[in-house]
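Taken together, the values in this text are just the output of simple stated rules run on the coordinates, not laboratory data. Just so it is clear, the model here is predicted, and its values are computed rather than measured. In this analysis, Cβ positions are derived from the backbone assuming ideal geometry, glycine residues included, and neighbour counts consider all displayed protein chains.
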Amino acid sequence: MVTYSKKVMDHFMSPKNVGEIEDADGVGEVGNPTCGDMMTFYIKVKDDRLDDVKFKTFGCGAAIAVSSMVSELAMGKSLDEALKISNKDVAHELGGLPKQKMHCSNLGADALHKAIQDYKKKKME
Amino acid sequence: MAGIIFLDNASTTKVDDRVFEAMTPYFTQQYGNPASLHDLGQSAEDAVEGSRRHVASLIGAKPEEIYFTSCGTESNNFSLFGLAKSLKGRGRHIISSSIEHISILNPLKDLKKEGWDHTLLPVDEYGSVSPEDLKKAIREDTALISIMHANNEVGTIQNLEDLGKIARDNDITFHSDGVASAGIIPVDVKKLGVDSYSFTSQQMYGPKGAAALYVRKGLRIKPYLIGGTQERGRRAGTENVPAIVGFGQAARIAKQELGKNAAYLEGLRNAMIEGIMAGIDNVKLNGHPQKRLPGNVHVSFEYIEGESILLLLNMEGIAAASGSSCVSQALKNSQVLISMGLSPTTAQGSVLFSLGKFNKRQEIDKTLEVLPPIIEKLRKMSPLYKES
């Protein structure tokens, strides 16, 4: 099998924060099934902080582990802090990702950022 | 590894104990070079020729029509490049299919640079090439047709006899890649009407490192490796004697047990397909429902992706394969599945369970037991899946 770090395997086997938030304050979707990965992030915001983060992911082991790690990193953070979570941070926290799977880590942070932008946009309206 | 349920026999097979035993003397006792004149050399030569007879007999060929190579890829390369060189005067067009192995498709791309045009025939939803399409694709300058016998992914078996007849009627040389079929289903090269046929040891419980190309007697083919006089000068280089001995034994055993093994595998395969269909919804069987390899179970699970299925199966000690883009190094979906008209999303959820003669019914039952919760777990995570 592809060699994933123990951390990746742990998150893949028991992902944190899987699911949807029905009355989410922001939703961010990236990727598409044709390219192999698709992630949807749901956030709940309270006093400019991420009160709840959930995700649903279609994809490989790395994509699922990345989603789980992003949700964990983001939980409880202020929106500004959450927007600073980078793809590099995610890969680093997971103990590295195989080279051909690095694109998965890009998707995770992107989906979270998209959800925050969606929330900000809704608030402006 | 003990306890592994190996359902990846399309990638390679475990070596039969009888084959392994037959090989062992050729490493440290009968280690001679078949080209040497002394007794040690001659006994190696005898062993290689004995293997050639077994290998030829498996596919209804004469021993002098068999060339030993190192792998299926080499056999396919040898055939395409060797025939292209000798057929240059005949034309500059090759017909093949869109579901061929890369060891056919990549040489075709390479030959294009040398002025060889090619047409890749489409396949229907089951992965079958239509004889009508072949007829229509033939041009005045078509010199070679190359259509695989059985597909290595979805297991569909082509109607080679009909395709071969069209080639013959039009006086076109016909090659077939039989890597997935020889030793598993009956092969008679004369009946199939092929001029050249690739097959390999490691798909029939023999060792890696030995394969063969059948070339019909009288057919002109240029050498592949150039050097000494081994393989009648068409494939120079010292023979891999232990592997060739193993191949010979594997071919002998395969011929003897073919009917029994195929019936056994079909039983296991059908039980597995039925079990998957009964236990899991939104799943599709890929490949031809009847004309398929006896051990092939290729399915697509909707809403989820193949690599994550394989990882979870691996955690349960089950080895399988997938045509999803995440599994391939090129990050591309299986071209075979796309050619058969599967949507990219469905193709992503594909898993190939390829069964072999060493698999036991209990292993299939265990797999059928762990599979539904794996599929369920991944679907619950998928944004594409809406629980009904």
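Model label sites at B:Ala236 and B:Lys386, defined 7 Å from Cα along the beta-carbon direction, differ in position by 6.8 nm. Straight-line cross-link partners of A:Lys123 among the aspartates and glutamates, defined as a Cα under 17 Å from its Cα and at least 8 positions apart when in the same chain: A:Asp23, A:Asp25, A:Asp47, A:Asp48, A:Asp51, A:Asp80.
What does the average come to when, for each residue of peptide A:33-45, you count the partner chain Cβ atoms lying within 10 Å of its Cβ? Please report the intermediate quantities before stating the final value.
Working: counts 13, 7, 7, 15, 4, 6, 1, 3, 1, 0, 0, 0, 0.
For this peptide, the per-residue mean of nearby foreign Cβ atoms is 4.
Axis of helix B:241-279 versus longest Cα principal axis of chain B: the two differ by about 20°, to the nearest ten degrees. Counting only residues at least eight positions apart within a chain, or on another chain, the aspartates and glutamates with an alpha carbon under 17 Å from that of B:Lys366 are B:Asp8, B:Glu274, B:Glu316, B:Glu376.
How much net charge surrounds A:Met38 when only other residues with a Cβ under 13 Å from its Cβ are counted (Lys, Arg +1; Asp, Glu -1)?
Working: positive: A:Lys56, A:Lys114; negative: A:Glu29, A:Asp37, A:Asp110, B:Glu305.
Residues close to A:Met38 contribute a combined charge of -2.
Partnerless cysteines in the protein assembly as shown, where a partner means another cysteine C-beta under 4.7 angstrom, comprise A:Cys35, A:Cys104, B:Cys71. A simple rule links phi to the HN-Hα coupling: the Karplus curve 6.51 cos²θ - 1.76 cosθ + 1.60 with θ = phi - 60°, which for region A:32-39 gives 8, x, 4, 7, x, 9, 8, 10 Hz, with x for Gly and Pro. Backbone amide hydrogens, once placed in the peptide plane, bring A:Gly26 within less than 5 Å of A:Ile43, excluding anything fewer than 5 places away on its chain. For A:Asn32 and B:Arg18, FRET efficiency with R0 = 45 Å and r from the beta-carbon atoms, rounded to 0.05? For B:Arg18 and A:Asn32, the calculated efficiency is 0.35. Ordering B:Asn170, A:Ser68, B:Asn282 by the projection of their Cα atoms onto the charge dipole of the protein assembly as shown, which places +1 on the Cβ of Lys and Arg and -1 on the Cβ of Asp and Glu, puts B:Asn170 at the extreme positive end. Dipole orientation for region B:168-251: of the candidates B:Val241, B:Phe199, B:Gly228, B:Gly228 has the Cα lying most toward the positive pole (charges on Cβ; Lys, Arg +1; Asp, Glu -1). Rounded to the nearest 20 debye, the dipole size of the protein assembly as shown about its Cα centre is 1120 debye, using +1 on the Cβ of Lys and Arg and -1 on the Cβ of Asp and Glu. Dipole size of region B:17-253 about its Cα centre, with +1 on Lys/Arg Cβ and -1 on Asp/Glu Cβ: approximately 640 debye, rounded to the nearest 20. For B:Glu266 and A:Asp48, a Förster radius of 60 Å and the Cβ-Cβ distance give a FRET efficiency of 0.40, rounded to the nearest 0.05. Given +1 at the Cβ of Lys and Arg, -1 at the Cβ of Asp and Glu and no other charges, the dipole of region B:1-55 around its Cα centre is 120 debye to the nearest 20.
Taking the longest Cα principal axis of chain B as reference, the axis of helix B:39-58 is set at about 50 degrees.
Looking at region B:92-167, send over the antiparallel percent of its DSSP beta bridges, to the nearest 5.
Numbers: 1 of 9 bridges.
Beta bridges within region B:92-167, antiparallel portion: roughly 10 percent.
Taking 17 Å as the straight-line reach from the Cα of B:Lys386, the lysines in range (excluding those fewer than 8 positions away in the same chain) are A:Lys54, A:Lys56, B:Lys377.
Mind checking the mean number of beta-carbon atoms from other chains within 10 Å of the Cβ atoms in B:343-355? Write out the running numbers ahead of the final one.
Working: counts 2, 5, 6, 1, 3, 9, 2, 0, 0, 0, 0, 0, 0.
Across the residues of B:343-355, the mean count of other-chain Cβ atoms within 10 Å is 2.
As a calculated quantity, the FRET efficiency between B:Ser130 and B:Ile102 at R0 = 22 Å, using C-beta atoms, amounts to about 0.45. Most simply put, the protein assembly as shown has about 65% antiparallel DSSP beta bridges, counting only bridges with both residues inside it.
If you take every DSSP beta bridge whose two residues both sit in region B:17-253, what share of them, in percent to the nearest 5, is antiparallel? Among the beta bridges of region B:17-253, antiparallel pairing accounts for roughly 40 percent. Packing around the peptides B:306-313, B:53-60, taken as the average count of other Cβ atoms within 10 Å per residue, puts them in this order, highest first: B:306-313, B:53-60.
Near B:Lys190: Cβ cut-off under 14 Å, other residues only, Lys/Arg at +1 and Asp/Glu at -1. The net charge is +2.
Of the cross-linked pairs A:Lys6/A:Lys77; B:Lys113/B:Lys222; A:Lys7/B:Lys14; B:Lys208/B:Lys332; B:Lys112/B:Lys135, which ones have a Cα-Cα span greater than 29 Å in the structure shown? Beyond 29 Å between Cα atoms: A:Lys7/B:Lys14.
Rounded to the nearest 10 degrees, what's the angle between the helix A:102-124 long axis and the longest principal axis of chain A, both from Cα atoms, 0 to 90? The two axes meet at around 10 degrees. Dipole of chain A computed with +1 at Lys/Arg Cβ and -1 at Asp/Glu Cβ about the Cα centre; of A:Leu79, A:Met38, A:Gly96, farthest Cα towards the positive end is A:Gly96.
Mean partner shielding of peptide B:306-312, defined as the number of other chain Cβ atoms within 10 Å of each residue Cβ, is 6. Distance between the modelled labels on A:Lys99 and B:Ser86, one decimal in nanometres: 4.1 nm (7 Å Cα→Cβ projection).
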